[in-house]
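Q: Starting off with a structure, shown below.
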Amino acid sequence: MHEAFRISEHARIGHLDLTDADIARVVSDANQLVVRSQLWGEVPVNQSRRRRRLLAVGLSVLIGVCTLTVVATAAHG
């Protein structure tokens, strides 16, 4: 996050060559990240990834249990 702020600041001051497409893309990404963090607050990447991973695992387990229940019910029915 701090890198995004520094990149945005250097671009705003004019220290970066924005005519280079790669640099312009990095600056654009940094600016988007800065705006999002100002709007929604700064969330550590690891915590966000951990939440998404936990949600994905939880949903997978739920779907697996539901599938096994349906299959077991159909086999005995």
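The values are calculated or read from the model by the stated rules, or taken from the named source; none is laboratory data. Small disclaimer: the values here were computed from a predicted structure and weren't measured. With ideal geometry, Cβ positions are generated from the backbone for all residues, glycine too; neighbour counts draw on all protein chains shown. The accessibility values were calculated without ligands, DNA or RNA, using every heavy atom of the protein model including side chains. Shrake-Rupley method; radii C 1.70, N 1.55, O 1.52, S 1.80 Å.
Q: Which one is most open to solvent (accessible area, probe 1.4 Å), of the residues in the range 1-18 that are part of a helix (DSSP H, G or I), at pLDDT 90 or above and among the hydrophobic types (A, V, I, L, M, F, W, C)?
A: My answer is I13.
Q: Quick check, is A30 touching a Ser or Thr at 6+ places or on another chain (Cβ under 8 Å) and modelled with pLDDT of 90 or more?
A: On the way: touching a Ser or Thr at 6+ places or on another chain (Cβ under 8 Å): yes; modelled with pLDDT of 90 or more: yes.
Yes, satisfied.
Q: Of all residues in the range 19-39 being of a type in the set (A, V, I, L, M) and surrounded by 13 or more Cβ atoms within 10 Å (Cβ to Cβ), which is nearest to the chain's Cα centre (by Cα)? Outline the logic, then answer.
A: Here is the first cut: in the range 19-39, the ones of a type in the set (A, V, I, L, M) are 21, 23-24, 26-27, 30, 33-35, 39.
This time we only want the ones that are surrounded by 13 or more Cβ atoms within 10 Å (Cβ to Cβ), so: 23-24, 26-27, 30, 33-34.
On the way: I23: 22, A24: 21, V26: 16, V27: 18, A30: 14, L33: 10, V34: 14 Å.
Top of the filtered list is L33.
Q: Which of the numbered conditions does T73 fail, given that it passes all the others? Conditions: (1) farther than 30 Å from M1 by Cβ; (2) open to solvent by less than 80 Å² (accessible area, probe 1.4 Å).
A: Checking T73 against (1) farther than 30 Å from M1 by Cβ; (2) open to solvent by less than 80 Å² (accessible area, probe 1.4 Å), the one that fails is (2).
Q: Let me ask another. Those residues that are open to solvent by 80 Å² or more (accessible area, probe 1.4 Å) and among the hydrophobic types (A, V, I, L, M, F, W, C), I need them from the range 40-56; list them, please.
A: Of the residues in the range 40-56, the ones open to solvent by 80 Å² or more (accessible area, probe 1.4 Å) are 40, 42, 45-46, 49-55.
Once the filter is applied, which keeps residues that are open to solvent by 80 Å² or more (accessible area, probe 1.4 Å) and among the hydrophobic types (A, V, I, L, M, F, W, C), the range 40-56 yields W40, V45, L54, L55.
Q: Taking the range 19-45, which residues are of a type in the set (S, T, Y) and assigned to a helix (DSSP H, G or I)? Walk me through it before giving the result.
A: Within the range 19-45, the first condition is being of a type in the set (S, T, Y), and the residues that meet it are 19, 28, 37.
Matches in the range 19-45: S28, S37.
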